[in-house]
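Engineer: Okay, here's the structure, questions in a sec.
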Amino acid sequence: MSRSKTAKNATQGTLPGPRKGPLDAAEMADAALTAAMIVALLAAGRVLAAGSMMQVVASFVVAVLAARRRTRAVVMASTAAACIALILGGLGPVSQAALAGVFGWCGGQSLRRGWGRIRTVAFTLLVAWPAMVASVLLFFPAIAINRKLRELVFENVENQADGMANILGGIGSLFDAVGLGIVDRALGSVGNRLQNLADFLIDNWLLLIPATELVYSVIYALLIRAVGGGILRRLERSLVDPLELDVQPAPEGPPVPLALNDVVLERNGVPVTAPLTLDVQAGEHLVIEGPNGAGKSTLLDALAGLDNLGSVERPSDVVGLGHVGGTARVGQRPEAQVIGTTVGEDLAWGLDDDFDVTETLAGVGLELPEDRPSSELSGGELQRLALASALRRKPKLLLADEVTSMLDPREQARIIDRLEALDDATIVRTTHRDDAVASDRRIVIRRASHNAVQAVDAEAAASMHQAGLQTIRTNVGENRLIRLRDVAYSHAAGKPWALPVLHDVDLSIHRYELVIIEGRNGSGKTTLARILAGLETPTSGEVDRASGVRRALAHQHVRLQLLRATVDEELTSLAGVRTDRESTGGADQQARTENLETAIKLFELERLSGRRIDELSGGEQRRVLLAGLVSRGVSLLVLDEPLAGLDAEGRADLARTLDYVRLAGTSIVVVSHDVDWTPSHVSQHLQLEDGRLRSIAPGISGTPRTGGTP
Amino acid sequence: MNRSSSFFRAIPIDSPVHRLAAESKVLAGIFVSIGLVFNTEWSHIGVAALLLFAAFRGARLPLSVLPRVPLIVRFALFGGLMGSIFSDEAPKVGAISLGGLSDYARLISIGFIMILWVGILSWTTGLTAVGFALRRLIRPLRYLKVPVDEIGSVIALAVRSLPLVADEIDVVNESVTSRPAPADHAGKPIREAFSFIRDTATAVVIGSHRRARDLSMAMVSRGSTTAPLPPRRQLRTVDKAVIAGAFLLCVAAFVIPGVPPNTPAS
């Protein structure tokens, strides 16, 4: 028996072995994210009144999970999603979530085993169709066991048919009166048929419901196979085999000293770092510096034993990550480091002890109630909370990846002091700020050599720019693009719990301007960005726009806004350019095509032609997005937090590119919490504080605030 | 803000209903819904509607929380109304069928009452509290060998990720809908819809894959994949009363015959 099982698994290629028992960390995370996606998609369906379409999308998401993970993960994900879906609208969404799970599982089996259409449909009919029928008949709305509701529904079906027949009859007799008896007879026969249909439905419901669901199931199965297969192929090309990761055993001794001996660290099988040689002695405090893409995070993950196993020499093979007296790690993205749903739950996760929440939080300068949901915390609070959880483990080795990036200078200094005071712990932390203290050992790592070639490329392209002036064609005729007067915005305006976000905002933006709006988290800057981009309407005040002005918003998460597989497809889709060379679009189409050619030059995308989106670096992805948006003929481009995670070189690069775009005729608004950025020309430098906008000293470059054309 | 993450945020005011334990609200909602959906007479609908009204007032919710009915639903409701008015169901006053109207009104009110019950739960209870309540409610199933800790942890992590994922889905939606019409598919609505679905799903899945990777690493960094037990909640007397009352009402709905009795379909 176990033999046949092994054989079966062998045919499944890269699938995980015949493991049993609880989900490991990677499976658990995939299941939880899938559950969250199911619920969020169903919720989005409710908002957009496209519920059933989103249910189909939800089943694709499950199919992807089922194709890559054990059935146990699918069951867990669907169960959790069905439970949470209760708050979206009761039993209806619960059954939608559960059915998305069943159909997704069937689709996943088909994808994983490479079945053809017929086998897929047959399997789905065997498994998912009975589930769907059972759900309708017995669970929601439980037509089979709920006689009264059934009768009420049928009564209404019958009434509707009669009513429609009567209405048609009435209209028919009007036609009859003017001598068009044929219309009368036709309408009468339609009415009769409606009534017959209603009677047929009512008499045969127990057959008809399964029959309808049968048709649905077949369509569903084919859709999942077609679309799910497409998604899966893109996932496989862009990502990697499913991660295998589980909790590490408790440490047998201290996890230090560590050594790397001329090793190249990889991520997803691709070399990331230059050959590294490094030794870390007990009690040392190391600060690792280096540009984006040099592999700082990859190095920390390797030290944590999460990746590149075997590349680090350790005293025993045990890292003891997450255990008391072992290794503690805080990763980079703050919202990803906090895993509990509340502050208290996050601090308690993984440690079974009694502790004082207030005191623990005070150690990192936080003052929060235990039951505050983590989704309500700011980036800086999340970073400090994650750090508090790490420090609670009294680690012998602390790995901290950019853990003060969201803190203001005072809080940052306090955290650094706290870390410096940990004398008996070895600390390895990365930073993009110059915050190492004298006693720290500083290590600078450089990019692997293949990246250097790209830098040379960029320089060559830059010199090319200066050769000729580029112009983006827009339809705007006036100099002033947009003017906000006395603009105010409240969340939930008009309700008793309305939350004012913006007050008395006055702002004019002209052509050829680069405007910087800075503000801390929660200052209302994202709302202002959305108003400027036309995605939100102010609660009060005026927004005057120049005629023909087109606006666009580039969100912080670039990857989410890129939808196609390759750079070329993405650019034409973003710009709305036809690729079949049919000139039905007229002048606008012509302008977009020309704009796209210009933008490709401006953003130095020529050498990315033919590449896949997922192969690109974050900076390259952003350039593709901006180029596509600009080609649309956008004359006002709003960028929300474009500086996040960029090193000095990346910032300089962004400043240079945006300046070309500005001179080509698209005005730029940059909204950011990070002020450490110096483009060569800043027309207006504004600060948003508590929802009020004020002009601060002209840009660091010394450009006077003109408010007009250059 | 008409964004999907608004589903997961309670309305930040204080009221007796807000202070009820999430368990009481979930259970009471389920009991009342079962009592109503299996007993569709006017008397039962009336009682459920009264309870709903009381809960709504008790939660100090203003009418402005009510969501707007989408246009397409309004059209459908209007069509149904016309059909019912001109049906032949007795009693009739002139051309207007009161019987038809009554049947229609019963069906529609049941639908609205069910939706609004859930609305009160989500307007008065944060997602986090609902997550804790769900995890406490499934705990007794451990005696049936159901892996409640595992399910509970997945629920906890899903609740933690939900606002982030919902925001991501909104960004993807905005990106899809703000694009110029896919020119290559102009005049081919099915292919257009197909590419819309595929693009949306792929972007959402790829975005969440990165999150899953981060999440698994964060869990390993805590040395455990099991969420801590949800904080104990001692049910107050009022919570117990609400649960017991809703349960008794549900039983009563089945025991006490409704008036006027259902007229079976011919």
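Bear in mind these aren't lab numbers, they're just calculated from the coordinates by the rules spelled out. None of the values given here were measured: they were computed from a predicted structure. Virtual Cβ from ideal backbone geometry, glycine too; neighbours counted across all protein chains shown.
Engineer: Quick one: Debye curve from the C-alpha atoms of chain B, no solvent, what's log10 I(q)/I(0) at q = 0.07, 0.11, 0.12 Å⁻¹?
Structural biologist: The calculated log intensity ratios at q = 0.07, 0.11, 0.12 Å⁻¹ are -0.39, -0.89, -1.01.
Engineer: Between B:Arg233 and A:Arg446, what is the FRET efficiency for a Förster distance of 41 Å, r being their Cβ-Cβ separation, to the nearest 0.05?
Structural biologist: E between B:Arg233 and A:Arg446, to the nearest 0.05, is 0.15.
Engineer: Based on the Kirkwood radius over alpha-carbon pairs, what is the Stokes-Einstein translational diffusion coefficient of segment A:13-245 at 10 °C with 1.306 mPa s viscosity, in µm²/s?
Structural biologist: 79 µm²/s
Engineer: Over the whole of A:555-565, what's the average partner chain Cβ count within 10 Å per residue? Rounded to a whole number, please.
Structural biologist: Across A:555-565, the average partner-chain Cβ count within 10 Å equals 6.
Engineer: Applying the Karplus parametrisation 6.51 cos²θ - 1.76 cosθ + 1.60 with θ = phi - 60° to the phi angles of segment B:155-163, what ³J(HN,Hα) value in whole Hz is obtained for each residue in order, glycine and proline being reported as x?
Structural biologist: 4, 4, 5, 5, 4, 4, 7, 4, x
Engineer: Place a label point 7 angstrom from the Cα of B:Ala252 along the Cα-to-Cβ direction, then list the residues of segment B:11-48 whose backbone nitrogen is under 17 Å away.
Structural biologist: Inside the label zone: B:28-48.
Engineer: Right, another one. Using label points projected 7 Å from each Cα along Cα→Cβ, tell me how many nm separate A:Asp353 and B:Leu81, to one decimal.
Structural biologist: If labels sit at A:Asp353 and B:Leu81, their model points lie 6.6 nm apart.
Engineer: Okay, next question. Summing Lys, Arg as +1 and Asp, Glu as -1, what charge do residues with Cβ under 15 Å from the Cβ of A:Asp659 carry, A:Asp659 excluded?
Structural biologist: Cβ neighbours under 15 Å give a net charge of +3.
Engineer: Only counting other Cβ atoms within 10 Å, I'd like B:Ile72, A:Ile696 sorted with the fewest neighbours first.
Structural biologist: In order of increasing Cβ crowding within 10 Å: B:Ile72, A:Ile696.
Engineer: What is the fewest-to-most order of A:Thr79, B:Thr202, A:Thr71 by other Cβ atoms lying within 10 Å of their Cβ?
Structural biologist: Starting with the residue having the fewest Cβ neighbours, the order is A:Thr71, A:Thr79, B:Thr202.
Engineer: Run through all the Cα pairs of segment B:149-232 and give the fraction in each 5 Å bin from 0, expressed as whole percent.
Structural biologist: Spelled out bin by bin, segment B:149-232 gives 3, 12, 17, 18, 13, 11, 9, 7, 5, 4, 2, 0 percent.
Engineer: While we're here: Which residues in segment A:311-348 have a backbone N closer than 13 Å to a point placed 7 Å from the Cα of A:Asn261 along the Cα-to-Cβ line?
Structural biologist: A:311-315
Engineer: Modelling each spin label as a point 7 Å along the Cα-to-Cβ direction, I'd like the A:Arg418/A:Arg520 distance in nm, to one decimal.
Structural biologist: 1.7 nm
Engineer: Kindly give the semi-axes, whole Å and largest first, of the ellipsoid equivalent to segment A:266-407, taking each as the square root of 5 times a Cα gyration tensor eigenvalue.
Structural biologist: 28, 17, 13
Engineer: Provide the gained length on full extension for the span A:Ala488 to A:Leu309, in nm with one decimal, where the gain is 0.36 nm per separating residue minus the Cα-Cα distance.
Structural biologist: So the chain would gain 59.0 nm between A:Ala488 and A:Leu309.
Engineer: A 29 angstrom limit on the alpha carbon distance is what I want to check against. Which of A:Lys396/B:Lys145; A:Lys525/A:Lys601; A:Lys495/A:Lys525 exceed it?
Structural biologist: The answer is A:Lys396/B:Lys145; A:Lys525/A:Lys601.
Engineer: Using only the C-alpha atoms of segment A:218-329, find the volume of their convex hull and express it per residue in Å³.
Structural biologist: Convex hull volume per residue, Cα atoms: 135 Å³.
Engineer: So for B:Leu235, A:Leu514, A:Leu563, fewest C-beta neighbours within 10 Å to most, what's the order?
Structural biologist: Arranged by neighbour count, lowest to highest, B:Leu235, A:Leu514, A:Leu563 become B:Leu235, A:Leu563, A:Leu514.
Engineer: Along the Cα-to-C-beta direction of B:Arg60, a point sits 7 Å from the Cα; which residues of segment B:105-126 have their amide N less than 18 Å from that point?
Structural biologist: Hits in segment B:105-126 for B:Arg60 at 18 Å: B:120-126.
Engineer: Check B:Lys92: other-chain or 5+ apart residues with amide H under 5 Å from its amide H, H built from backbone geometry?
Structural biologist: B:Leu98
Engineer: Between A:Ala186 and B:Ala95, take the C-beta separation as r, use R0 = 25 Å, and let me know the FRET efficiency to the nearest 0.05.
Structural biologist: Efficiency, rounded to the nearest 0.05: 0.65.
Engineer: Let me ask something else. Once amide H atoms are built 1.01 Å from N in the peptide plane, which residues 5 or more positions from A:Val272, or in another chain, come under 5 Å H to H?
Structural biologist: Amide H to amide H, under 5 Å and 5 or more residues apart or across chains, A:Val272 pairs with A:Leu265, A:Glu266, A:Arg267.
Engineer: In nm², what is the average projected area of the convex hull enclosing the Cα atoms of segment A:159-260?
Structural biologist: So the mean shadow area of the Cα hull is 16.2 nm².
Engineer: Taking each residue in B:147-153, count the Cβ atoms of any other chain within 10 Å of its Cβ, then average. What number comes out?
Structural biologist: 5
Engineer: Of the beta bridges DSSP finds with both residues in the protein assembly as shown, what % are antiparallel, to the nearest 5?
Structural biologist: 45 percent
Engineer: Just the Cα atoms of chain A, one point each, no solvent: what log10 I(q)/I(0) does Debye give at q = 0.05, 0.10 Å⁻¹?
Structural biologist: For the requested q values the scattering log ratios are -0.33, -1.23.
Engineer: Report the residue, chosen from B:Leu134, B:Leu71, B:Leu157, that carries the largest GNM mean-square fluctuation when chain B is represented by alpha-carbon nodes joined by springs under 10 Å.
Structural biologist: Between B:Leu134, B:Leu71, B:Leu157, it is B:Leu71 that shows the largest mean-square fluctuation.
Engineer: What does the structure give for A:221-230 when I average, per residue, the other chain Cβ atoms found within 10 Å of the residue Cβ?
Structural biologist: Average per residue, whole number: 2.
Engineer: Semi-axes of the equivalent ellipsoid of segment A:391-453: what are they in whole Å, largest first, if each equals the square root of 5 times a C-alpha gyration tensor eigenvalue?
Structural biologist: Over the Cα atoms of segment A:391-453, the ellipsoid semi-axes are 24, 15, 11 Å.
Engineer: Are there trypsin sites (Lys or Arg not before Pro) in segment B:58-139 that DSSP puts in a loop and that have at most 10 other Cβ atoms within 10 Å, and which ones?
Structural biologist: Here the trypsin sites (Lys or Arg not before Pro) that fit, given the DSSP loop and packing criteria, are B:Arg68.
Engineer: What nm distance separates the two modelled labels at B:Val69 and A:Leu206, each placed 7 Å from Cα along Cα→Cβ?
Structural biologist: With each label placed 7 Å out from Cα toward Cβ, I get 3.5 nm.
Engineer: Something else about it: In whole Hz and in residue order, list the ³J(HN,Hα) couplings for segment A:605-620 that follow from phi through the Karplus curve 6.51 cos²θ - 1.76 cosθ + 1.60, θ = phi - 60°; x for Gly and Pro.
Structural biologist: Couplings: 9, 3, 7, 8, 3, x, 7, 8, 4, 6, 7, 7, 6, x, x, 5 Hz.
Engineer: Next question. Quickly estimate the mean residue ellipticity at 222 nm for chain A, helices only: each DSSP H run with n ≥ 4 gives -39500 (n - 2.57), and the total goes over all residues, rounded to 500.
Structural biologist: -15000 deg cm²/dmol
Engineer: Explain nothing, just compute: Karplus ³J(HN,Hα) = 6.51 cos²θ - 1.76 cosθ + 1.60, θ = phi - 60°, for every residue of segment A:354-367 in order, whole Hz, x for Gly and Pro.
Structural biologist: 8, 8, 9, 4, 4, 5, 4, 5, 4, x, 10, x, 10, 9
Engineer: Taking amide H positions as placed 1.01 Å from N in the peptide plane, with prolines and chain starts having none, which residues 5 or more places from A:His285, or on another chain, fall under 5 Å of its amide H?
Structural biologist: For A:His285, whose amide H was placed from the backbone, the distant partners under 5 Å are A:Ile427, A:Arg441.
Engineer: Can you pull out the GluC sites (Glu not before Pro) in segment A:488-593 whose DSSP state is coil and whose Cβ has at most 12 other Cβ atoms within 10 Å?
Structural biologist: Those that pass, being in a loop and sparsely packed, are A:Glu582.
Engineer: A:Ala644 to A:Thr678: FRET efficiency via 1/(1 + (r/R0)^6), r the Cβ-Cβ distance, R0 30 Å, to the nearest 0.05?
Structural biologist: 0.95
Engineer: In addition: For segment A:277-352, count the residues as N, evaluate 2.2 N^0.38 Å, and divide the Cα radius of gyration by that value, please.
Structural biologist: 1.26
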